[in-house]
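**Q** Okay, handing you the structure first.
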Amino acid sequence: MKKAILILSLITCISFTIGSAFYPFQKDEEKVLAKSFEATDAHLDSIEVHIDLKTPIDIDEIKTTLNIDKSQTTSIQMPHKEICYVGEQKSVFHKIENDLVTSVDFILKDKKDLNLYREIKKTLAKSNTEYQIFLMYKGSFDREIMEQEMKDITAKALQETNTDFIEGGFIRENFLTTSGYNKTIQNHITTGGNKVNMNIAIKCNADEDRAYVIVGTPLIYGDY
């Protein structure tokens, strides 16, 4: 399975919580996600963030929000997209006409840069912009993961954070995905009448002799 089609189908058929993010809950959200990932014992490869903007924002405004120093930025222009590099950090701006940004992806260099994630949420909340933000920890194992171990890893990640199992947990083509709900995390989406704000995916690549783990809130955005 090269792709798991999750986001487009979910976003079009579920109602999800969009709007203000309150600072007291942000660190709780980060702690729960970090603890869940750490429980998998995978090596951390990156922390990634995706923001969907219901009201498009001017690209210069979002760059200011992201604290991007233009003097240290290398940009690549593509149709309806701009890719910015500031050192090792990569940001992708998805644009429509008149340089308005509809969504942004960026990769944090390390956990210290979670301050940037907090500042972005605070700035967006103050601007009264409707948005949905996805935070993801991505990691890997230097070995294959068998089916039972996938299930054990997922169960431990849920148990260590007191996250209720909601759906998933089945393995198909060396791939497992599970969704849960954690009361400590304020934001959530609703699917099938259930609240969901934790998503765990494990995929084994036999050709590379590696396994990949993603833990995200409220969902994992994009391809696995």
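**Q** Can you tell me which residues in the range 203-224 are small (G, A, S) and in a strand (DSSP E or B)?
**A** Narrowing the range 203-224 to residues small (G, A, S): 206, 211, 216, 222.
Residues satisfying the conditions are A211, G216.
**Q** If I200 satisfies every condition in (1) open to solvent by 30 Å² or more (accessible area, probe 1.4 Å); (2) part of a strand (DSSP E or B) but one, which is the exception?
**A** Result: I200 fails condition (1) only.
**Q** Under 6 Å by Cβ, and 6 or more places apart or on different chains, what pairs join a residue from the range 159-186 that is without any contact (Cβ under 8 Å) to a residue 60 or more places away in the chain and over 13 Å from T217 (Cα atoms) with one that is open to solvent by less than 10 Å² (accessible area, probe 1.4 Å) and in a strand (DSSP E or B)?
**A** Listed by first residue and then by second, the contacts come to D164/G180; F165/G180; I166/G180; I166/V196; G168/T178; G169/T178; L176/I202.
**Q** May I ask you to list the residues in the range 72-112 that are over 15 Å from L53 (Cβ atoms) and of a type in the set (K, R)?
**A** K90, K109, K111, K112
**Q** Something else about it: From the list T184, T154, T178, which residue is under 15 Å from L33 (Cα atoms), more than 14 Å from the chain's Cα centre (by Cα), assigned to a strand (DSSP E or B) and of a type in the set (S, T, N, Q)?
**A** One residue alone meets the criteria, T178.
**Q** So if I check each of I62, I68, I153, which one is touching an Asp or Glu at 6+ places or on another chain (Cβ under 9 Å) and crowded, with 17+ Cβ neighbours inside 10 Å?
**A** Numbers: I62 fails: touching an Asp or Glu at 6+ places or on another chain (Cβ under 9 Å); I68 fails: touching an Asp or Glu at 6+ places or on another chain (Cβ under 9 Å).
Answer to the check: I153.
**Q** Next question, about the same structure. Can you tell me which of (1) open to solvent by 30 Å² or more (accessible area, probe 1.4 Å); (2) outside any strand (DSSP E or B); (3) under 14 Å from I133 (Cα atoms); (4) at pLDDT 80 or above is the one I18 doesn't meet?
**A** (4) is the only condition that I18 fails.
**Q** Could you figure out which of (1) hydroxyl-bearing (S, T, Y); (2) in contact with a strand residue (DSSP E or B) (Cβ under 6 Å, 6 or more places away or on another chain); (3) open to solvent by less than 30 Å² (accessible area, probe 1.4 Å) isn't true of Y212?
**A** Of the numbered conditions (1) hydroxyl-bearing (S, T, Y); (2) in contact with a strand residue (DSSP E or B) (Cβ under 6 Å, 6 or more places away or on another chain); (3) open to solvent by less than 30 Å² (accessible area, probe 1.4 Å), the odd one out for Y212 is (3).
**Q** Now a separate question. Would you pick out the residues in the range 165-187 that are open to solvent by less than 40 Å² (accessible area, probe 1.4 Å), in contact with a helix residue (DSSP H, G or I) (Cβ under 6 Å, 6 or more places away or on another chain) and farther than 19 Å from E147 by Cβ?
**A** The answer is G180, N182, I185.
**Q** Given the residues E82, E48, E38, which is the only one that is at pLDDT 85 or above, open to solvent by less than 70 Å² (accessible area, probe 1.4 Å) and closer than 25 Å to G180 by Cα?
**A** On inspection, the qualifying residue turns out to be E48.
**Q** Select from the range 104-148 the residues that are open to solvent by less than 60 Å² (accessible area, probe 1.4 Å), at pLDDT 90 or above and charged (D, E, K, R) and list them in ascending order.
**A** Those that are open to solvent by less than 60 Å² (accessible area, probe 1.4 Å), at pLDDT 90 or above and charged (D, E, K, R): D105, K138.
**Q** While we're on this one: Inside the range 54-102, counting only strands (runs of 3 or more DSSP E) that do not spill past its ends, which hold 3 or more residues that are under 21 Å from T129 (Cα atoms) and touching a helix residue (DSSP H, G or I) at 6+ places or on another chain (Cβ under 9 Å)?
**A** Qualifying strands (runs of 3 or more DSSP E): 89-96.
The values are calculated or read from the model by the stated rules, or taken from the named source; none is laboratory data. Treat the numbers as computed from the prediction; the structure is a model and nothing was measured. In this analysis, Cβ positions are derived from the backbone assuming ideal geometry, glycine residues included, and neighbour counts consider all displayed protein chains. Side chains are part of the model used for accessible areas, which takes the heavy atoms of the whole protein and leaves out ligands, DNA and RNA. Shrake-Rupley method; radii C 1.70, N 1.55, O 1.52, S 1.80 Å.
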